[in-house]
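The values are calculated or read from the model by the stated rules, or taken from the named source; none is laboratory data. This one's a predicted model, so the numbers in the text were calculated from it and none came from an experiment. Quick reminder, even Gly has a Cβ in these numbers, built from the backbone with ideal geometry, and neighbours come from all protein chains shown. Keep in mind that these areas ignore ligands, DNA and RNA; they rest on the heavy atoms of the full protein, side chains included. Shrake-Rupley method; radii C 1.70, N 1.55, O 1.52, S 1.80 Å.
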Amino acid sequence: FEYSMSDARAILGVGPGKATATVDPVKQAMKSPTGAANAEKKLKPPRGMSREVFNLLQTQQNEIAEGLSATPLNDPSLQATTLLPTMVPSSRPKGGKVGAMGKNDKVSKWVWAPFSSTARNDGADFHHWVKAGVEYPDYPFARFNVHLDSVEYTEEEYNLYLANSEWTRSDTDLLMGLCRRLDLRWAIIHDRYTATPRRTIEQLQHRYYSVASRLTHVRLTLASAGPIDPSNPISTLGTGSSSQSFNLSYEGERRRQLEVAWKRSKEEEQEENDLRKELKMVEAQLRKLKKAGKGEEPATNTTSDPHEAANSLFHRPLPTANLPYLQSARLENPVG
């Protein structure tokens with residue numbers, strides 16, 4: 001392209017050859033009285049909206065101002081398109097500020113009130129803020145204080161059905177109390193169990209579930225013969241109890257295997273992964289061989305010669321249609 005000196009002067013803004021600047025319709029509108037009024041009514045970004053997002057929503061207004069839109073300014077549909085959508089929810093009343101309350105709204109009164117909870121047995125009192133006039137029969141969050149039902153037994157039941165040469169009555173009572181207080185968290189129970197001799201987690205579990213299952217069986221048997229005693233209901237056997245016996249040897253073996261798997265080194269894990277991959281490859285090869293030899297009867301061994309017996313173990317295929325066949329496949333296996 002070729003530029004004249006007047007164009008250069010116009011670009012630099014010097015000399016008599018200054019080109020006439022193009023009149024911006026937006027600036028021209030701003031200079032007029034009506035334009036100044038529109039500038040005063042210029043929308044501002046709503047509270048919580050960034051200026052960038054607000055500018056993007058103003059695209060159509062800018063296009064109309066620059067003459068890029070074919071919609072005339074006096075079109076009624078223009079007013080509907082230029083209204084900004086609600087981007088930030090607010091409680092702005094008519095003619096008020098954000099968060100302002102109406103004239104008829106009442107303020108809730110809160111009081112610092114004491115409360116107690118049935119989840120605690122020490123009778124402690126606490127305080128919290130509540131609405132005036134609202135009373136709770138119990139602390140609302142006390143319903144989440146759910147505990148395991150304790151396994152309870154009488155002296156007669158223990159002597160008749162629960163006596164064990166390896167466990168004393170005091171050790172059994174201590175275990176049942178820990179299970180009730182700690183909700184069968186066996187790692188913590190094992191740590192807090194201080195009776196001698198020291199016992200493993202499997203032994204503690206075996207004793208607890210044995211007592212619970214034994215009481216369940218005895219009480220159900222007695223209940224089937226007559227009415228249930230309300231003072232000694234079956235529901236006190238505890239959550240988690242079962243009529244099935246606890247397999248102590250299996251649980252001990254399971255924990256030993258878990259300990260071995262936990263203490264494996266990275267080399268041992270990699271070796272196991274490699275073996276698993278090889279096993280998958282062997283299984284895939286066996287499936288292919290089984291699929292290729294489907295419908296063929298294996299040769300039967302009717303001779304006592306070891307060499308012939310070894311050769312008879314491998315079925316030499318015969319030519320079949322649509323399958324590759326090699327003469328070397330009919331050769332006998334090498335001896336020695």
Check whether at least one residue in the stretch 207-223 is within 20 Å of Y250 (Cα to Cα) and under 31 Å from the mean Cα position of the chain (by Cα), and report yes or no. no
Just for the stretch 119-158: of the residues that are among the small types (G, A, S) and assigned to a loop (DSSP other than H, G, I, E, B), which one is most open to solvent (accessible area, probe 1.4 Å)? G133
Before we move on, is L182 farther than 17 Å from L148 by Cα and modelled with pLDDT under 95? no
Condition first: open to solvent by less than 100 Å² (accessible area, probe 1.4 Å) and at pLDDT 90 or above. Now tell me which residues in the stretch 280-297 satisfy that. V282, E283, A284
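Report whether or not A113 is touching a helix residue (DSSP H, G or I) at 6+ places or on another chain (Cβ under 9 Å), surrounded by 12 or more Cβ atoms within 10 Å (Cβ to Cβ) and without any contact (Cβ under 8 Å) to a residue 40 or more places away in the chain.
Numbers: touching a helix residue (DSSP H, G or I) at 6+ places or on another chain (Cβ under 9 Å): no; surrounded by 12 or more Cβ atoms within 10 Å (Cβ to Cβ): yes; without any contact (Cβ under 8 Å) to a residue 40 or more places away in the chain: yes.
Considered against the rule, which asks whether it is touching a helix residue (DSSP H, G or I) at 6+ places or on another chain (Cβ under 9 Å), surrounded by 12 or more Cβ atoms within 10 Å (Cβ to Cβ) and without any contact (Cβ under 8 Å) to a residue 40 or more places away in the chain, A113 comes out as no.
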